[in-house]
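What follows is a single structure, written as structure tokens, with notes after it.
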Amino acid sequence: MAQLWGGRFTKDTDKKVYDFNASIGFDKRLLNEDIEGSKAHVAMLSKCGIITQDECRSITEGLDRILEDVSSGKLEISDKYEDVHSFVEAVLTERIGDAGKKMHTGRSRNDQVALDMRLYTRKNVLAVKDQIKELLCTLLDVIEKNTDTVMPGFTHLQKAQPLTLAHHFAAYFDMFRRDHSRLCDIYERMNYCPLGAGALAGTTYPLDREMTASLLGFKGATNNSMDSVSDRDYLIEYLSALSIIMMHLSRFCEEIIIWNSNEYRFVNIDDSYSTGSSIMPQKKNPDIAELTRGKCGRVYGDLFALLTTMKGLPLAYNKDMQEDKEAAFDAMDTVSACLDLFTGMIATIEFNKDIMRSSAAMGFTNATDAADYLVGKGVPFRDAHGIIGRIVIYCDKNSKSIEQCSLDELKAICDKFDEDIYEAISLKTCVDKRLTKGGPAKEAMEEFIREARTFLNGI
Ligand code: ARG
């Protein structure tokens, strides 16, 4: 047990207390950020004349060596240290002597950990943005190839109106595009450096906080020292954004699972993204989609854990805040794995276009268009709605679709029907006529694709 704060203690910490308190088991993943932050801090200390240039050089070299040795496996992050910050300082001091003890001048672990976590989260936001871009590119490829692939659109999971696979995927494209833009917003808002806030009330050393901030690529230093060490809003915002991403993935997965079912057969998930059953030889299960749907709950849980941890905390730092890390890391790891696998699954999935089309041809997806046809012949919409309703009952009884009825059968219910009804309610017409911005018609989708390509090229 090696503690930074042993001075005022006369007894050793109880072993159970020590273990309960320690965070090294999970904050060791902040090693890179801890060292990056410390290097910026000592560069600033030296520039402000608080430590000498030699001390700064020796600390910086020592820190670089620690990083190298941990990466190469020569140095192990041992749990005899309380946290990653203690580990770095202890090893550094062991290696370079007294200069190592000056690294922490004008700093507290409270602003140090706030910085480390921000640096880590900032990188993760960028990585998830890249993953979302990758997914958007994959979706757009499917969209471009499927502007003619007619399928039923659903409300209440009941066939509603015909649209295209491109149009359906474009809906998800827009959801993930919003996710991307949410990540950009979060990045901007969190991009301020808390270092220099000290334990809570700043420091008496003449630090140049803006210098540290700029060395670390931040837009500036945070405003208030108490808020700097106790703010976890940026993590909560990020976990909210990750939760929304998971909600989108989960909805998409639900559809893929339905489409992959024996009853629908709209898609075949590639063998490489499916799993089998130990007992039922015929099975090919959509496990990746189901796990992604399942892991959505886990990320919501992480968000709620953090929100709940924060809700009663007085200013400024409280040890409760150490609990932010496992929840945040878990959410980041989960989302990154889900995005990766989901994108791979979509890139390799096969669409059964004939089955989609024949499904759209059944289930009266052209009923609205049939009503609109009668409106065109001068029937008020509400009456047309009733007439087509009666035709649907007739078709249901006789097991046929509207376009399978002869003109005589249709005229028997309403004499406004003419030969041109068949053209008016063909699947092609139903889709092509929905030309308004955001609609499924090929022309509208081509406009969407142009704009989406430009967007993807710009991010
Ligand atoms: N491991 C701590 C955390 O993650 C570091 C800060 C410790 N500060 C303190 N005052 N004990 O929050």
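General observations
- Scanning the range 422-439 for residues that are of a type outside the set (S, T, N, Q) and without any contact (Cβ under 8 Å) to a residue 40 or more places away in the chain gives TYR422, GLU423, ASP432, LEU435, LYS437, GLY438.
- Scan of the range 301-315 for residues that are within 14 Å of the ligand (Cβ to nearest atom) and either under 24 Å from the mean Cα position of the chain (by Cα) or surrounded by 19 or more Cβ atoms within 10 Å (Cβ to Cβ) (or both), ordered by number: LEU306, THR309, MET310
- Test for ASP98: is it more than 28 Å from SER243 (Cβ to Cβ), among the acidic types (Asp, Glu) and at pLDDT below 95: no
- Test set (1) open to solvent by less than 40 Å² (accessible area, probe 1.4 Å); (2) more than 12 Å from the ligand (Cβ to nearest atom); (3) modelled with pLDDT of 95 or more; (4) not acidic (Asp, Glu) - THR52 fails condition number: (1)
- Only one entry of ASP372, ASP320, ASP333, ASP354 meets the criterion of being in a helix (DSSP H, G or I), within 23 Å of CYS137 (Cα to Cα) and open to solvent by 50 Å² or more (accessible area, probe 1.4 Å), and that entry is ASP333.
- The criterion of at least 3 residues that are closer than 22 Å to ASP208 by Cα and out of contact with any strand residue (DSSP E or B) (no Cβ under 7 Å at 6 or more places or on another chain) is met, among helices (runs of 4 or more DSSP H) falling completely within the range 12-100, by 31-47, 53-72.
- Among the residues examined, ASP141 qualifies as open to solvent by 20 Å² or more (accessible area, probe 1.4 Å), among the charged types (D, E, K, R) and either within 16 Å of the ligand (Cβ to nearest atom) or in a helix (DSSP H, G or I) (or both).
- Of the residues making up the range 395-412, those that are crowded, with 16+ Cβ neighbours inside 10 Å and assigned to a helix (DSSP H, G or I) are CYS395, ILE402, GLU403, GLU409, LEU410.
- Those residues of the range 88-118 which are within 16 Å of the ligand (Cβ to nearest atom) and over 24 Å from SER230 (Cβ atoms), in sequence order: ALA90
- Residue, farthest from TYR317 (Cα to Cα), within the range 188-208, restricted to residues that are open to solvent by less than 50 Å² (accessible area, probe 1.4 Å) and under 32 Å from the mean Cα position of the chain (by Cα): ASN191
- Restricting the range 376-391 to residues that are open to solvent by 60 Å² or more (accessible area, probe 1.4 Å) and not in a loop (DSSP other than H, G, I, E, B), the residue that is nearest to LEU407 (Cα to Cα): ARG390
- Pairs where the first residue, in the range 303-324, is without any contact (Cβ under 8 Å) to a residue 12 or more places away in the chain and the second is of a type in the set (D, E, K, R) and within 14 Å of the ligand (Cβ to nearest atom), C-beta under 9 Å, 6+ apart: GLY312/ASP320
- Options LEU200, LEU195, LEU165: the member that is at pLDDT 95 or above, more than 16 Å from the ligand (Cβ to nearest atom) and not β-branched (Val, Ile, Thr): LEU165
To keep it simple, each residue is scored yes or no on (1) surrounded by fewer than 16 Cβ atoms within 10 Å (Cβ to Cβ); (2) farther than 28 Å from GLY73 by Cα; (3) modelled with pLDDT of 95 or more.
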| position | (1), (2), (3) |
| --- | --- |
| LEU4 | yes, no, no |
| THR13 | no, yes, no |
| SER23 | no, no, yes |
| ASP27 | no, no, yes |
| LEU31 | no, no, yes |
| ASP34 | no, no, yes |
| LYS39 | no, no, yes |
| MET44 | no, yes, yes |
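- Applying the set (1) more than 16 Å from the ligand (Cβ to nearest atom); (2) in contact with a helix residue (DSSP H, G or I) (Cβ under 9 Å, 6 or more places away or on another chain) to ASN318 leaves exactly one unmet item: (1).
- Qualifying residue in the range 271-285 (condition: at pLDDT 95 or above and acidic (Asp, Glu)): no
- The number of residues in the range 439-454 being more than 24 Å from the chain's Cα centre (by Cα) and open to solvent by less than 90 Å² (accessible area, probe 1.4 Å) comes to 7.
- Close pairs from the range 212-224: first open to solvent by 10 Å² or more (accessible area, probe 1.4 Å), partner in a loop (DSSP other than H, G, I, E, B), Cβ under 6 Å, at least 6 apart: PHE218/ASN191; LYS219/ASN191; THR222/PRO194
The values are calculated or read from the model by the stated rules, or taken from the named source; none is laboratory data. Small disclaimer: the values here were computed from a predicted structure and weren't measured. Neighbour counts run over all protein chains shown; Cβ positions are idealised from the backbone, glycine included. Accessible surface areas use protein heavy atoms only, side chains included; no ligands, DNA or RNA. Shrake-Rupley method; radii C 1.70, N 1.55, O 1.52, S 1.80 Å.
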